[in-house]
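So the structure is just underneath, and the comments pick up after that.
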Amino acid sequence: MTISRLSSHTGVLLFCFLGKYVAAGSSTNGMVFVWDVSSGKLKGKLEGHEGSVCGLAWGTGGFSGQQVASVDKNGTLIFWV
């Protein structure tokens, strides 16, 4: 299944623990994109970073039992619920 075409501007990509979601951090505009793997649909565009996203981590919090954290090259850490 092809979720979406990722450009060379993708800085980091990470699947969640159960493989239900995949997150990609942009190296150019500071956004984090989250897709549902089974449907291939974009679940969210997370805006808040001013620098390029260089790290992602998944946790088990949030409404769906999945939570993502992202960090940018400026050192800003954001927990997305």
Problem set entry | Virtual spin-label span in nm between residue 79 and residue 17, 7 Å along Cα→Cβ | 1.5
For this session: Kindly write out, for region 42-53 in residue order, the coupling ³J(HN,Hα) from the Karplus curve 6.51 cos²θ - 1.76 cosθ + 1.60 (θ = phi - 60°), rounded to whole Hz, with x marking Gly and Pro.
Result: 5, 8, x, 10, 9, 10, x, 7, 9, x, 5, 7
Exercise. What is the extension gain from residue 67 to residue 38, computed as 0.36 nm multiplied by their sequence separation minus the C-alpha to C-alpha distance, in nm to one decimal?
Worked result: 8.7 nm
For this session: Amide H neighbours of residue 80 under 5 Å, at least 5 residues apart or on other chains, H built in the peptide plane: list them.
Result: 68, 69, 70
For this session: Any aspartates and glutamates with Cα under 12 Å of the residue 20 Cα? List them, leaving off those in the same chain fewer than 8 positions away.
Result: 36
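Coordinate-derived values only; no laboratory data. Predicted, not measured: the structure shown is a model, and the values here were computed from it. Please note: Cβ atoms are built from the backbone with ideal geometry, for glycine as well, and neighbour counts cover all protein chains shown.
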